[in-house]
There are 2 protein chains.
Amino acid sequence: MNNAAYELYYWPSIQGRGEFVRLALEDAGAAYRDVAREPGGMKAMMSLLKGEGEGLAPFAPPFLKHGSLVIAQTPNILFYLGPKLGLAPADEGDRHRGNQLMLTVADLVAEVHDTHHPVANGLYYEDQKPEALKRATAFLKERLPKFLGYFERALAQNGGEHVVGGAVSYVDLALFQALSGLEYAFPKAMARTKTGIPRLAILQSRVAERPGIAAYLASPRRLAFNENGIFRRYPELDLDLG
Amino acid sequence: MNNAAYELYYWPSIQGRGEFVRLALEDAGAAYRDVAREPGGMKAMMSLLKGEGEGLAPFAPPFLKHGSLVIAQTPNILFYLGPKLGLAPADEGDRHRGNQLMLTVADLVAEVHDTHHPVANGLYYEDQKPEALKRATAFLKERLPKFLGYFERALAQNGGEHVVGGAVSYVDLALFQALSGLEYAFPKAMARTKTGIPRLAILQSRVAERPGIAAYLASPRRLAFNENGIFRRYPELDLDLG
């Protein structure tokens, strides 16, 4: 335990949605606690989820505690944290453009989740495999190129270095994470797709080389992708649609 | 055409996600254009979607044009508009709590959409009926009570009159819309569910009686729910799980 100002609450064994917040905190070198990974931390997280804290309880992790404020929903946490961490544009319009892009990343992430859980969150993947194959097919054929093509154009339009504003923001970090997760889950499909998104590919490499991110990725704090997370490698879903 | 400051762009024949923005503008009595419902408006909308405007193009409707700013993603539009329309809390923490709740409404709406489109957005409902039945079953059994129970508790915790802050906000209007859509889509399931959410039921009635909303609902500007929108009445999906 330490006296860090920021307390992140998220499932302790997956990257999941919490990773978008972890990356921003790590890039900025902010002192933070990843509470559910500390001894007794899961109990503290479950207590807040059950509404045993003061004020509005989160619907689901991740959530952030900062002083007396407790807020949930990944894009909301990042909209709040971005300016404090020096990872958001100064201009109001750009902040809303950044939030728009982050919400679109969140939509993409939700669709990735549904490739392995198209029927019900409460069932195992093994209980919805035929439906998952149908959904993954449609996702890789139509949705993935649509999302990544959109982000590639947004990046090009903003000059190619950052997706919004004049400097790196949490949205660039989020694109790095989304691309990395997609490459873990769908290596064959992404190898093909990536040739069409050269600017995003460069952005992904540049983010990985940022000092805070590089140190984080090399540390034990970075969990490995796994089949309990959002980005899951099920070879039968990684279709070669060429 | 008029000289209204706000220009909303959304599909002209459905309530859909655009309705959350329409309700806020109508409640506040703001002068606005619903551009795609004007002659030539669809062409203007498609042009902006194709990136033929200046700046970042939207990924999808709805989007809002205000002066030179064009922003998309429903919760983002409302986060921007809320304070300008007098429909957002003054306190920064409450604004982020409101945004958190609005993002959770958006998650609920996305799950409603997927009850009739669990496999692919690009296919018709008729092409995914068996999967839709499975997804709707899980939604009505597990997700709907979880979402509505959460909002009911949030409302109770904030005093029962408004879900966030000390006055009506766009989030209360969004809850009205979500409940109205759910009652259209799942009349049997909602009749049963509603007995467990008394505060939300009262909130829904109170919002419908607000002068701006009542006038709007009685006007031709309010489109009827229909089976091209997000909330669709397919009787075979309105399961009686009692």
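Mind listing just one residue for me: the one in region A:74-83 that is more than 9 Å from chain B (Cβ to nearest Cβ) and surrounded by 20 or more Cβ atoms within 10 Å (Cβ to Cβ) and, of those, farthest from B:Gly159 (Cα to Cα)?
From region A:74-83, those more than 9 Å from chain B (Cβ to nearest Cβ) are A:78, A:81-83; that's our starting set.
Restricting the remaining residues to those that are surrounded by 20 or more Cβ atoms within 10 Å (Cβ to Cβ) gives A:78, A:81-82.
On the way: A:Leu78: 28, A:Leu81: 28, A:Gly82: 31 Å.
Only one residue tops the list, namely A:Gly82.
Residues being surrounded by fewer than 21 Cβ atoms within 10 Å (Cβ to Cβ) and without any contact (Cβ under 8 Å) to a residue 60 or more places away in the chain: count how many of those fall in region B:104-116.
So the answer is 3.
For region B:170-223, enumerate the residues that are basic (Lys, Arg) and out of contact with any Leu (no Cβ under 7 Å at 6 or more places or on another chain). So that I can check it myself, show each step before the final result.
Residues of region B:170-223 basic (Lys, Arg): B:188, B:192, B:194, B:199, B:206, B:210, B:221-222.
Once the filter is applied, which keeps residues that are basic (Lys, Arg) and out of contact with any Leu (no Cβ under 7 Å at 6 or more places or on another chain), region B:170-223 yields B:Lys188, B:Arg192, B:Lys194, B:Arg206, B:Arg210, B:Arg221, B:Arg222.
When you check A:Gly122 against the structure, is it touching a strand residue (DSSP E or B) at 6+ places or on another chain (Cβ under 7 Å) and facing another protein chain (nearest Cβ under 9 Å), yes or no? Steps first, please.
On the way: touching a strand residue (DSSP E or B) at 6+ places or on another chain (Cβ under 7 Å): no; facing another protein chain (nearest Cβ under 9 Å): yes.
Taking the combined requirement at face value, the residue does not satisfy it.
For the subset of region B:156-187 comprising residues that are assigned to a helix (DSSP H, G or I) and among the acidic types (Asp, Glu), which member is surrounded by the most Cβ atoms within 10 Å (Cβ to Cβ)? Steps first, please.
Filtering region B:156-187 down to residues assigned to a helix (DSSP H, G or I) leaves B:156-157, B:170-185, B:187.
Now restrict to residues that are among the acidic types (Asp, Glu): B:172, B:183.
Numbers: B:Asp172: 26, B:Glu183: 18.
So, considering only residues that are assigned to a helix (DSSP H, G or I) and among the acidic types (Asp, Glu), the one surrounded by the most Cβ atoms within 10 Å (Cβ to Cβ) is B:Asp172.
Please specify each residue of region A:137-148 satisfying the condition of being more than 10 Å from chain B (Cβ to nearest Cβ) and more than 26 Å from A:Pro89 (Cα to Cα). Working first, answer last.
Here is the first cut: in region A:137-148, the residues more than 10 Å from chain B (Cβ to nearest Cβ) are A:140, A:144-145, A:148.
Once the filter is applied, which keeps residues that are more than 10 Å from chain B (Cβ to nearest Cβ) and more than 26 Å from A:Pro89 (Cα to Cα), region A:137-148 yields A:Leu140, A:Leu144, A:Pro145.
Does B:Ile71 count as among the β-branched types (Val, Ile, Thr), surrounded by 18 or more Cβ atoms within 10 Å (Cβ to Cβ) and at the interface with chain A (Cβ under 10 Å from one of its Cβ atoms)? I'd like the intermediate steps shown before the answer.
Values: among the β-branched types (Val, Ile, Thr): yes; surrounded by 18 or more Cβ atoms within 10 Å (Cβ to Cβ): yes; at the interface with chain A (Cβ under 10 Å from one of its Cβ atoms): yes.
Judged against the criteria, B:Ile71 is a match.
To keep it simple, each residue is scored yes or no on (1) under 22 Å from B:Ala24 (Cβ atoms); (2) among the aromatic types (Phe, Trp, Tyr); (3) at pLDDT 95 or above; (4) within 15 Å of the chain's Cα centre (by Cα).
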| site | (1), (2), (3), (4) |
| --- | --- |
| B:Phe59 | yes, yes, yes, no |
| B:Tyr80 | yes, yes, yes, no |
| B:Lys84 | yes, no, yes, no |
| B:Gln100 | yes, no, yes, yes |
| B:Leu133 | no, no, yes, no |
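Here's the yes/no breakdown for (1) touching a helix residue (DSSP H, G or I) at 6+ places or on another chain (Cβ under 7 Å); (2) within 16 Å of A:Lys84 (Cα to Cα); (3) not hydroxyl-bearing (Ser, Thr, Tyr):
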position	(1), (2), (3)
A:Glu7	yes, yes, yes
A:Arg22	no, yes, yes
A:Asp27	yes, yes, yes
A:Ala31	no, yes, yes
A:Arg37	no, no, yes
A:Lys43	no, no, yes
A:Ser47	no, no, no
A:Phe59	yes, no, yes
A:Pro62	yes, no, yes
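Report, by residue number, each residue of region B:232-242 that is crowded, with 16+ Cβ neighbours inside 10 Å, in contact with a Leu (Cβ under 7 Å, 6 or more places away or on another chain) and not in a helix (DSSP H, G or I).
Hit for region B:232-242 is B:Leu239, nothing else.
Buried (at least 19 other Cβ atoms within 10 Å of the Cβ) and either touching a residue at least 40 places away in the same chain (Cβ under 8 Å) or more than 26 Å from B:Ala178 (Cβ to Cβ) (or both), is that true of B:Asp91? Even if it seems obvious, please write down each step before you answer.
On the way: buried (at least 19 other Cβ atoms within 10 Å of the Cβ): no; either touching a residue at least 40 places away in the same chain (Cβ under 8 Å) or more than 26 Å from B:Ala178 (Cβ to Cβ) (or both): yes.
The answer is no for B:Asp91.
Does A:Tyr216 meet the test of being over 19 Å from the mean Cα position of the chain (by Cα) and of a type in the set (Phe, Trp, Tyr)? Step through it out loud before you land on a result.
On the way: over 19 Å from the mean Cα position of the chain (by Cα): no; of a type in the set (Phe, Trp, Tyr): yes.
So A:Tyr216 does not fit the description; no.
Listed residues B:Arg135, B:Arg192, B:Arg97, B:Arg153; which is out of contact with any helix residue (DSSP H, G or I) (no Cβ under 8 Å at 6 or more places or on another chain) and crowded, with 22+ Cβ neighbours inside 10 Å?
Numbers: B:Arg135 fails: out of contact with any helix residue (DSSP H, G or I) (no Cβ under 8 Å at 6 or more places or on another chain); B:Arg192 fails: crowded, with 22+ Cβ neighbours inside 10 Å; B:Arg153 fails: crowded, with 22+ Cβ neighbours inside 10 Å.
Answer to the check: B:Arg97.
Which ones in region B:201-231 are surrounded by fewer than 12 Cβ atoms within 10 Å (Cβ to Cβ) and among the aliphatic types (A, V, I, L, M)?
B:Ala218, B:Ala224
Considering region A:33-60 alone, what residues qualify as being of a type in the set (S, T, N, Q) and either in contact with a Pro (Cβ under 6 Å, 6 or more places away or on another chain) or part of a loop (DSSP other than H, G, I, E, B) (or both)?
If we filter region A:33-60 for residues that are of a type in the set (S, T, N, Q), which is where we start, we get A:47.
Scanning region A:33-60 gives no hits.
Is it the case that region A:29-38 has a residue that's hydroxyl-bearing (Ser, Thr, Tyr) and either in the same structural domain as A:Asp114 (by TED's automatic domain parsing) or under 20 Å from the mean Cα position of the chain (by Cα) (or both)? Don't jump to the end; show me each part of the working.
Here is the first cut: in region A:29-38, the ones hydroxyl-bearing (Ser, Thr, Tyr) are A:32.
Next, from what is left, pick out any that are either in the same structural domain as A:Asp114 (by TED's automatic domain parsing) or under 20 Å from the mean Cα position of the chain (by Cα) (or both): A:32.
The answer is yes, given that some residue of region A:29-38 is hydroxyl-bearing (Ser, Thr, Tyr) and either in the same structural domain as A:Asp114 (by TED's automatic domain parsing) or under 20 Å from the mean Cα position of the chain (by Cα) (or both).
Which members of region A:39-56 meet the condition of being free of Cβ contacts under 8 Å to residues at least 12 places away in the same chain and under 22 Å from the mean Cα position of the chain (by Cα)? Spell out the reasoning first.
The first filter runs over region A:39-56 and keeps only residues free of Cβ contacts under 8 Å to residues at least 12 places away in the same chain, leaving A:39-40, A:43, A:46-47, A:50-52.
Of everything in region A:39-56, just one residue is free of Cβ contacts under 8 Å to residues at least 12 places away in the same chain and under 22 Å from the mean Cα position of the chain (by Cα), namely A:Met46.
Is at least one residue of region A:119-127 outside any loop (DSSP other than H, G, I, E, B), closer than 22 Å to B:His116 by Cα, touching a Lys or Arg at 6+ places or on another chain (Cβ under 9 Å) and at pLDDT 95 or above?
The answer is yes; a qualifying residue exists.
Determine if region B:149-167 includes at least one residue that is more than 27 Å from B:Glu92 (Cα to Cα), more than 11 Å from chain A (Cβ to nearest Cβ) and at pLDDT 95 or above. Step through it out loud before you land on a result.
Going through region B:149-167, the residues more than 27 Å from B:Glu92 (Cα to Cα) turn out to be none.
No: region B:149-167 contains no residue that is more than 27 Å from B:Glu92 (Cα to Cα), more than 11 Å from chain A (Cβ to nearest Cβ) and at pLDDT 95 or above.
Quick check on B:Ala208: is it under 17 Å from the mean Cα position of the chain (by Cα) and either modelled with pLDDT of 95 or more or of a type in the set (A, V, I, L, M) (or both)?
On the way: under 17 Å from the mean Cα position of the chain (by Cα): yes; either modelled with pLDDT of 95 or more or of a type in the set (A, V, I, L, M) (or both): yes.
Yes: the conditions hold for B:Ala208.
In this structure, does B:Pro145 turn out to be assigned to a helix (DSSP H, G or I) and either out of contact with any Ser or Thr (no Cβ under 8 Å at 6 or more places or on another chain) or in contact (Cβ under 8 Å) with a residue 24 or more places away in the chain (or both)? Can you show your working first?
Working: assigned to a helix (DSSP H, G or I): yes; either out of contact with any Ser or Thr (no Cβ under 8 Å at 6 or more places or on another chain) or in contact (Cβ under 8 Å) with a residue 24 or more places away in the chain (or both): yes.
It is true that B:Pro145 is assigned to a helix (DSSP H, G or I) and either out of contact with any Ser or Thr (no Cβ under 8 Å at 6 or more places or on another chain) or in contact (Cβ under 8 Å) with a residue 24 or more places away in the chain (or both).
The values are calculated or read from the model by the stated rules, or taken from the named source; none is laboratory data. Please read all numbers here as calculations on a predicted model, not as lab measurements. Neighbour counts are summed over all protein chains in view; Cβ atoms, including those assigned to glycine, are modelled from backbone coordinates with ideal geometry.
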